[in-house]
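Chemist: Here it is, the structure in full.
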Amino acid sequence: MELTGSTFILDNGKLEEISGTFSAGAGIRALAGGAWGFTITEDTGEIRKAIEHASLLAARTQERTPREKVTLAPVKKPHLRNLPVVKKDPLDVPVEDKIELLKDIEKALRIKEVNSTSVTYSEIKARVHYSSSEGVDCEYKSVRVGFAVSAVAQRNGTYQADRESRFSVCGFELFDRYDAREIASEVGGRAVALLDAKAAKGGEFPVILDPELAGVFIHEAVGHAVEADHVLEGNSILSGKINTQVGSPLLTAIDDPTLHEYGYYPIDSEGVESRPRVLIENGVLKSYLHSRETAGKLGGEPGNARAQSYSKPVVRMSNTFIANGSSTFDEMLLEIRDGVYLIGSRGGQVNPGEGIFQFNAKRGYMIENGKIAAPLRDVSLSGSTLEILHNVTMVGNDMGLHSGRCGKAGQLVPVTDGAPHVLVSRAMVGGSG
């Protein structure tokens, strides 16, 4: 694998960093009985030696600590199809033009009462070559480009912040797809508006989740629980529930690495051709996400083993989302009458084994008599994963996708999550008001 990338950081209007990275190397796995050997080399001329080392490591581990034989799910020769086409190579855009664009974006962020800003741009090119002793041998290239903007507003000792990002598997045409200046202006405006918002009062409410927060929920609370390594470790609330009703019949969730979004890949890190995977269909759990090893143990289809650069592959999500339903946002407002509208995500925590979670929203609004009312800040969503899934009473027809990076096993990989608006009849809303 070869990786070439650049990062530009503008902090409060000043260019703080321009960094370039290049790495090349290979990760090699060997299997002997039930033991794996794994080695990394950054000298591509020494791959044969690294293969021998991994094989020896696997054999010695199995000899010293015998383990039950691992049977890998079979893999067919992959076909690389529908690869993303880069329309504007980021390397063809002069550095000076990129810096000027970032400065223009920063100016749009800096409105009255915004006293701190940050703009980040990154680009990365990858060449991935996969080869195995089973005869699979293929190679593909990818380009990922993205930007993030954030603003902090301050008034009388009170601080509020907002942030947005756009990353995708594409070239510099990302800036034709999204108006970065307009996004920055909205971020600055929302940070200032939050200074006037009220602190939320905690309690149980009917809630509407916006596409970003609903997407984070399906990724964090559900997606990690369907990763088959967690299931095998006994760390999933969804263990043993295949073909069981785990949520509302209105709910369908999918993981699809073939979408040309940030979590895209044509083959996974075990040489398995990517394809969509229905996780939940009409509320029924249909599939876990698998590597070849977990698919061999539990049954199912592999294709979700991923690695950061040439690290060891682990079971990961790609582009994970709740499929569109049939309801409009206005219909949800009329249905909920009185409740809370939660928007965006500032992170949180989840325990996939116990099925409990807590996510911080960027902001929210009270809903009164079917209309958007007072704005809220410092608001969160928490509860039981299965309860929330069963409490979904309406699913919107306005799906939105949001990109990010997912951490697991000490590795970060690009992902996308998303959803339409989702109405939940009862959920715990946290606040300090």
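Chemist: Relative to the present Cα-Cα distance, how much length would full extension add between residue 52 and residue 331 at 0.36 nm per residue of separation?
Modeler: Working: separation 279, 0.36 × 279 = 100.44 nm, distance 6.28 nm.
The span from residue 52 to residue 331 would gain 94.2 nm if fully extended.
Chemist: Hey, fewest Cβ within 10 Å first, where do 356, 367 land in order?
Modeler: Listing 356, 367 from fewest to most nearby Cβ atoms yields 356, 367.
Chemist: Please work out how much length the chain gains when fully extended from residue 76 to residue 103, using 0.36 nm per residue of separation minus the C-alpha to C-alpha distance, in nm with one decimal.
Modeler: Length gained between residue 76 and residue 103: 4.8 nm.
Chemist: In addition: So what is the relative contact order for the chain, in percent, with contacts set as C-alpha pairs under 8 Å and at least six apart?
Modeler: Numbers: 1143 pairs, mean separation 71.7, N = 433.
Contact order relative to length: 17 percent.
Chemist: How much net charge surrounds residue 13 when only the other residues with a Cβ under 9 Å from the Cβ of residue 13 are counted, with Lys and Arg +1 and Asp and Glu -1?
Modeler: So the environment of residue 13 carries a net charge of +2.
Chemist: Could you tell me which of rounded, prolate or oblate describes the range 143-240, using a ≥ b ≥ c as the square roots of the eigenvalues of the alpha-carbon gyration tensor, with rounded for a/c under 1.5 and, failing that, prolate when a/b is larger than b/c and oblate otherwise? Walk me through the intermediate numbers first.
Modeler: On the way: a/c = 2.85, a/b = 1.28, b/c = 2.24.
Oblate is the answer for the range 143-240, as a/c is 1.5 or above yet b/c matches or exceeds a/b.
Chemist: Using DSSP, restrict attention to beta bridges with both residues in the chain and report what percent are antiparallel, rounded to the nearest 5.
Modeler: 90
Chemist: In whole Hz and in residue order, list the ³J(HN,Hα) couplings for the range 126-131 that follow from phi through the Karplus curve 6.51 cos²θ - 1.76 cosθ + 1.60, θ = phi - 60°; x for Gly and Pro.
Modeler: Once rounded to whole Hz, the list reads 10, 10, 10, 10, 10, 9.
Chemist: Same structure, new question: Using label points projected 7 Å from each Cα along Cα→Cβ, tell me how many nm separate residue 83 and residue 281, to one decimal.
Modeler: Using points 7 Å along Cα→Cβ, the separation is 3.2 nm.
Chemist: Compute the separation of the alpha-carbon centres of the range 69-93 and the range 101-128 and state it in Å as a whole number.
Modeler: 30
Chemist: Would you mind getting me the FRET efficiency between residue 115 and residue 233? Use the beta-carbon distance for r and R0 = 51 Å, nearest 0.05.
Modeler: Numbers: r = 46 Å, r/R0 = 0.90.
E between residue 115 and residue 233, to the nearest 0.05, is 0.65.
Chemist: Under 23 Å Cα to Cα from residue 371, which lysines show up? Leave out anything in the same chain fewer than 8 places away.
Modeler: 198, 201, 362
Chemist: Okay, moving on. Between the alpha-carbon centers of the range 252-319 and the range 17-46, tell me the distance in whole angstrom.
Modeler: What the calculation gives is 21 Å, centre to centre.
Chemist: Turning to a different aspect of this structure: Quick check: residue separation of residue 324 and residue 260 times 0.36 nm, minus the Cα distance between them. What number comes out in nm?
Modeler: Length difference between fully extended and current span is 21.2 nm.
Chemist: Going 7 Å from the Cα of residue 298 along its beta-carbon direction, which residues of the range 186-230 have the amide nitrogen within less than 14 Å of the resulting point?
Modeler: 222-230
Chemist: Projecting each Cα onto the charge dipole of the chain (Lys/Arg +1, Asp/Glu -1 at the beta carbon, about the Cα centre), which of 158, 197, 431 comes out farthest on the positive side?
Modeler: So the residue furthest toward the plus end is 431.
Chemist: Taking the Cα centre as origin and putting +1 on Lys and Arg beta-carbons and -1 on Asp and Glu beta-carbons, what dipole magnitude results for the range 1-196, to the nearest 20 debye?
Modeler: 740
Chemist: Using 7 Å Cα-to-Cβ label points, what is the residue 139/residue 312 separation (nm, one decimal)?
Modeler: 2.8
Chemist: Which value in nm describes the separation of the simple spin-label points at residue 15 and residue 165, placed 7 Å from the Cα toward the beta carbon?
Modeler: Rounded to a tenth, the inter-label distance reads 2.3 nm.
Chemist: As an exercise, use a Förster radius of 41 Å and the Cβ-Cβ distance of residue 155 and residue 43 to find the FRET efficiency, rounded to the nearest 0.05.
Modeler: It comes out at approximately 0.15.
Chemist: How large is the helix-only mean residue ellipticity at 222 nm for the chain, computed as the sum of -39500 (n - 2.57) over DSSP H runs with n ≥ 4, divided by its residue count, in deg cm²/dmol to the nearest 500? If you can, show how the numbers build up before the last one.
Modeler: Details: 9 runs with 84 residues, N = 433.
The helix contribution divided over the chain gives -5500 deg cm²/dmol.
Chemist: Candidates [x] 96, 55, 43; [y] 66, 56, 37; [z] 63, 56, 42; which is the computed Cα extents along the principal axes in Å?
Modeler: [y]
Chemist: Continuing with the same structure: With Cβ to Cβ distances under 13 Å as the rule, what net charge do the other residues near residue 397 carry (K, R +1; D, E -1)?
Modeler: Every neighbour counted, the sum reads -3.
Quick note: the coordinates plus some simple rules give every number you see, no bench work behind them. All values derive from a computational prediction rather than experimental measurement. We place every Cβ from the backbone using ideal geometry, glycine too, and count neighbours over all the protein chains shown.
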